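Take a look at the structure set out below.
The values are calculated or read from the model by the stated rules, or taken from the named source; none is laboratory data. In this text, all values refer to a predicted model and were calculated from it rather than measured experimentally. Cβ: placed from backbone, ideal geometry, glycine included. Neighbour counts: every protein chain shown.
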Amino acid sequence: MNGFETGPVPPFALFLIGMMLQAFYLLFGRWEKGDLRMILYSFAGGLLGMMPGEHETDYDLPLHLFLSCVTASIFFVFNFRKRLLVRIDGQMLIVWNLLFFAILVNHYGLNWSILGAVAIFSLPTLVNGFSDIDRNFKWQVFFYVWFIVMVVAIGFTHFNLASMGVFNGSIGSTVSALELLFSGAAFFFLVINAWYVLYLVPIPLNKHQTMRSRMYDVHEQLHLLASGYMWNKDDIRTNLMLIVALPAFFVCNYLYQLVSEEMLISLSFVVMASLNRKTEQSSDEDYEQETDWKDRSEEISIWTTELVSTKVMHGVGVFWVVAMLVAIVLFNLSFIRSM
């Protein structure tokens with residue numbers, strides 16, 4: 001089956017339709033006037049990825065198809081970044097960390113190198129379940145970035161790599177139309193979530209941007225991520241029950257295969273979406289996503305100066321590099337495992 005066959009629907013078209021359906025789904029229940037136009041503009045902006053490079057002699061169509069999909073995803077998340085942000089709290093972090101560990105063990109066994117690296121970032125989330133460290137702005141950013149890294153890593157481990165053949169025409173006959181739709185949706189979701197973390201990299205995005213201007217953008221992104229984390233009073237009894245009961249369930253499930261891993265992940269995303277809707281309805285004004293950045297220009301200016309003159313950004317940079325390395329290693333292991 002060639003990836004560019006015309007009948008009845010080309011595989012790449014199905015992949016693209018899956019991306020667009022995901023775009024509408026992500027805005028479900030949050031639709032505003034003008035959103036349809038912005039979605040169409042975002043996907044039209046993806047055509048920029050089809051432009052040849054300045055020094056490109058042989059036009060690489062598969063690469064540019066891939067870049068066009070990534071570009072469309074980035075335009076979309078940039079236009080809707082405040083509404084796409086999932087609201088999380090300490091308890092949700094505990095659940096996702098335990099689920100992440102269970103998936104790692106199920107995929108790679110007791111690989112202490114991977115589990116040890118992940119434990120370094122997971123330990124603060126467990127400590128947070130019995131303390132109030134998440135009142136601090138920097139911890140809120142840390143927890144949200146780690147949450148995104150976990151979601152992206154889980155997505156990579158379950159991404160249908162065979163569907164990526166849509167970009168070079170090598171799609172296999174075993175990949176169904178439904179799988180291509182879901183793969184497009186998953187690809188869109190992963191790029192969007194990865195953007196939230198990648199945008200924190202403190203380097204100018206073009207030759208005309210100054211370092212100070214870039215730090216201003218990074219600072220806005222830090223506040224955006226922190227706004228997605230909601231502080232709630234610690235429910236120590238419930239947190240303790242989660243830490244004891246969930247690992248026990250995961251061990252039993254690992255031994256007796258009570259529920260498939262795919263079902264567990266699907267249920268987790270459904271529950272996360274439901275909790276997110278509920279949290280948005282009950283959130284107070286301190287955590288509203290529609291933040292008026294102009295009214296906070298003085299605070300942002302102070303923070304920008306502090307970020308440039310202190311070691312805060314160094315810490316953010318180091319954390320980002322290590323966290324993304326963990327995600328990349330997991331992706332590579334999944335790729336090798338699928339060969």
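Provide a single number: the residues in segment 43-66 that are of a type outside the set (Phe, Trp, Tyr) and surrounded by 12 or more Cβ atoms within 10 Å (Cβ to Cβ). Residues in segment 43-66 being of a type outside the set (Phe, Trp, Tyr) and surrounded by 12 or more Cβ atoms within 10 Å (Cβ to Cβ): 13 in total. When LEU14, LEU40 are checked against the criterion of being surrounded by fewer than 15 Cβ atoms within 10 Å (Cβ to Cβ) and either closer than 22 Å to LEU190 by Cβ or modelled with pLDDT of 85 or more (or both), LEU40 stands alone in meeting it. Look through segment 67-100, keep the residues that are closer than 12 Å to ALA23 by Cβ and small (Gly, Ala, Ser), and return whichever of them is surrounded by the most Cβ atoms within 10 Å (Cβ to Cβ). Here the answer is ALA72. Among residues of segment 255-270 being at pLDDT below 75 and not polar (S, T, N, Q), the one that is nearest to the chain's Cα centre (by Cα) is PHE269. Of the residues making up segment 59-109, those that are among the charged types (D, E, K, R) and closer than 18 Å to ASN128 by Cα are ARG87, ASP89. Look at segment 218-231: where a residue is closer than 13 Å to VAL145 by Cβ and buried (at least 22 other Cβ atoms within 10 Å of the Cβ) and a partner is among the charged types (D, E, K, R) and at pLDDT below 90, sitting 6+ places away or on another chain with Cβ atoms under 6 Å, you get GLY228/ARG87.
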